[in-house]
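*Asks:* Shown below is the structure under consideration.
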């Protein structure tokens, strides 16, 4: 009888990611992953030193999927910065449990809520792009980015917890309205401070 093919690290990671998608992060344990792969728990621990290591790899994989979705929204939507917001909302709608893992599981450790928006990788480039496109200072662009991010996160959180339904057209309208409102407020604030 030929030897059984060995399970790869990628296959184990994929099975654990599928478990998160199907049942949530609490379902990721050695027994459930082994059951999904139709094997014992031994191959899991031959590739991962602990379940914490496997869970960290699952989180990293979810982050890669999320980052790819954000870049696609930014580059291919024709909406620029708002395309990222729409992609964020779409990710929450289509990948509810991955969204919950990344954004609703204690991931934000900043003491001040205002520090969450604009502190992740790539945010500074987006803020500078907004400043250039909207004719704002860097600080104003940060405020605009934060306002849009909090609105986007609120909508996405409602979708990820099945508390709401919203199509792309409605999300686009809301994000545009908030963007315009904040932009008008920032420009008015600048005019009011001129001598």
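*Asks:* Would you point out the residue of the range 49-79, among those that are more than 30 Å from residue 171 (Cα to Cα) and under 25 Å from the mean Cα position of the chain (by Cα), that is surrounded by the fewest Cβ atoms within 10 Å (Cβ to Cβ)?
*Replies:* 52
*Asks:* Shifting gears a bit: For residue 165, which of the numbered conditions (1) assigned to a helix (DSSP H, G or I); (2) within 17 Å of residue 86 (Cα to Cα); (3) under 20 Å from the mean Cα position of the chain (by Cα) fails to hold?
*Replies:* That leaves (1) as the condition not met.
*Asks:* Sort through 136, 186, 144, 159 and tell me the only one that's at pLDDT 90 or above and closer than 30 Å to residue 16 by Cα.
*Replies:* Just a single option satisfies the conditions, and that option is 159.
The values are calculated or read from the model by the stated rules, or taken from the named source; none is laboratory data. Owing to the predicted nature of the structure, the values given are computational and were not obtained by experimental measurement. All Cβ positions, even for glycine, are placed from backbone atoms using ideal geometry, and neighbour counts span all protein chains on display.
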